[in-house]
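Below is a structure I'd like to ask you about.
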Amino acid sequence: MKQANRLARQRTLAAAATQIQCAWRGVQCRRHLSLRSRATITFQRYARGYLARKASARRRAEGERRAYDAEQRARVIEELLETEASYVRNLDVLVRVYWRPLRSLASVKAIGSQITVESIATIFGNVDILHEKHSEWYDQLAKCLGVAQCDSDAIPATNDAEGPQAKRGSCSTLGEVFLEMLPWLDEYVPFCVNYPLSKAELDRCLKVPSFESYLSVRAIFFFFLFLYL
């Protein structure tokens with residue numbers, strides 16, 4: 001009887017020990033899983049933070065690059081406008097101050113019989129056509145970019161009988177404005193080819209006192225005019 005009770009007690013203790021061991025293993029397993037879960041969550045949090053910072057830096061760099069490109073484009077456009085405006089002014093002075101008056105004077109032999117209309121045509125070539133084309137192109141460029149065009153004092157209007165009739169382009173983009181420029185660039189071919197003859201004819205005409213005196217007076221007058229404007 002005693003032996004049976006002892007065996008029963010031993011079985012009970014063994015079963016209890018087994019249950020305790022199982023419970024302990026369960027606790028250890030749950031603790032391990034909890035640690036792994038926290039580690040996973042922590043890793044994911046740091047990974048998401050790293051990816052977010054990297055994406056933010058990439059977006060910031062892209063924004064800075066776009067801002068830099070826009071700034072450079074604005075500078076190029078500004079320089080293009082200023083250069084073209086200055087070029088049109090110079091062409092306007094050349095046409096209005098020199099070419100037209102000299103052609104009129106040469107037609108009536110007012111500056112010497114050696115200075116003819118053909119001489120003036122050889123010296124200036126097709127500068128009137130270039131003046132017309134560049135004036136029109138600058139107006140298109142200014143209209144496309146939405147900026148104020150050169151005022152009438154800087155570039156006097158040329159809508160008289162001899163001057164070009166102003167045309168307004170319908171281009172909507174800067175690229176289209178440049179494409180409009182391509183067909184008439186061939187006008188520079190005779191202008192450049194004529195340069196040696198133009199230079200030689202100008203040197204010959206400068207030997208005529210009345211012609212040389214006329215150019216000197218005009219140059220001095222407009223020098224002081226532009227100096228005080």
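The values are calculated or read from the model by the stated rules, or taken from the named source; none is laboratory data. Computed from a prediction, not measured in an experiment: that's the story for all the values here. Glycine gets a Cβ as well: all are built from the backbone with ideal geometry, and neighbour counts include every protein chain shown. Just so you know, the surface numbers come from the protein's heavy atoms only, side chains and all, with ligands and any DNA or RNA stripped out. Shrake-Rupley method; radii C 1.70, N 1.55, O 1.52, S 1.80 Å.
Condition test on C150, is it assigned to a helix (DSSP H, G or I), modelled with pLDDT under 90, under 24 Å from the mean Cα position of the chain (by Cα) and not polar (S, T, N, Q)? Explain how you work it out, then say what you get.
Values: assigned to a helix (DSSP H, G or I): no; modelled with pLDDT under 90: yes; under 24 Å from the mean Cα position of the chain (by Cα): yes; not polar (S, T, N, Q): yes.
Taking the combined requirement at face value, the residue does not satisfy it.
Which pairs do you get when a residue that is more than 16 Å from S213 (Cα to Cα) and in contact (Cβ under 8 Å) with a residue 24 or more places away in the chain, found in segment 96-108, comes within reach of a residue that is open to solvent by 70 Å² or more (accessible area, probe 1.4 Å) and outside any helix (DSSP H, G or I), reach meaning Cβ atoms under 8 angstrom, with the pair 6+ apart or on two chains?
Listed pairs, sorted by first residue: R100/E162.
Separate question: For T83, which of the numbered conditions (1) open to solvent by less than 90 Å² (accessible area, probe 1.4 Å); (2) more than 20 Å from E187 (Cα to Cα) fails to hold?
Every listed condition holds for T83 apart from (2).
For the subset of segment 114-139 comprising residues that are within 14 Å of C192 (Cα to Cα) and among the β-branched types (V, I, T), which member is least open to solvent (accessible area, probe 1.4 Å)?
Top of the filtered list is V127.
Right, something else. Taking the conditions exactly as written (open to solvent by 50 Å² or more (accessible area, probe 1.4 Å), at pLDDT 90 or above, within 24 Å of T122 (Cβ to Cβ) and assigned to a helix (DSSP H, G or I)), does R89 satisfy them or not?
Details: open to solvent by 50 Å² or more (accessible area, probe 1.4 Å): yes; at pLDDT 90 or above: yes; within 24 Å of T122 (Cβ to Cβ): no; assigned to a helix (DSSP H, G or I): yes.
It is false that R89 is open to solvent by 50 Å² or more (accessible area, probe 1.4 Å), at pLDDT 90 or above, within 24 Å of T122 (Cβ to Cβ) and assigned to a helix (DSSP H, G or I).
Could you list all residues from segment 189-209 that are in a helix (DSSP H, G or I) and exposed (fewer than 14 other Cβ atoms within 10 Å of the Cβ)?
If the condition is that a residue be in a helix (DSSP H, G or I) and exposed (fewer than 14 other Cβ atoms within 10 Å of the Cβ), then V189, P190, C192, V193, Y195, P196, L197, K199, A200, D203, P209 are the ones that fit.
Still on this structure: Looking at (1) surrounded by 12 or more Cβ atoms within 10 Å (Cβ to Cβ); (2) assigned to a helix (DSSP H, G or I), which is the only condition S56 fails?
Among (1) surrounded by 12 or more Cβ atoms within 10 Å (Cβ to Cβ); (2) assigned to a helix (DSSP H, G or I), the lone unmet condition for S56 is (1).
Next up: Right, A67: at pLDDT below 90 and either open to solvent by 50 Å² or more (accessible area, probe 1.4 Å) or on the phi > 0 side of the Ramachandran plot (or both) or not?
Details: at pLDDT below 90: no; either open to solvent by 50 Å² or more (accessible area, probe 1.4 Å) or on the phi > 0 side of the Ramachandran plot (or both): yes.
When the stated conditions are applied, A67 does not pass them.
Since I120 meets every condition but one in (1) without any contact (Cβ under 8 Å) to a residue 12 or more places away in the chain; (2) touching a Cys at 6+ places or on another chain (Cβ under 9 Å), which condition does it not meet?
It is condition (1) that I120 fails.
Would you tally the residues in segment 92-109 being under 32 Å from the mean Cα position of the chain (by Cα) and open to solvent by less than 20 Å² (accessible area, probe 1.4 Å)?
Of the residues in that region, 2 qualify.
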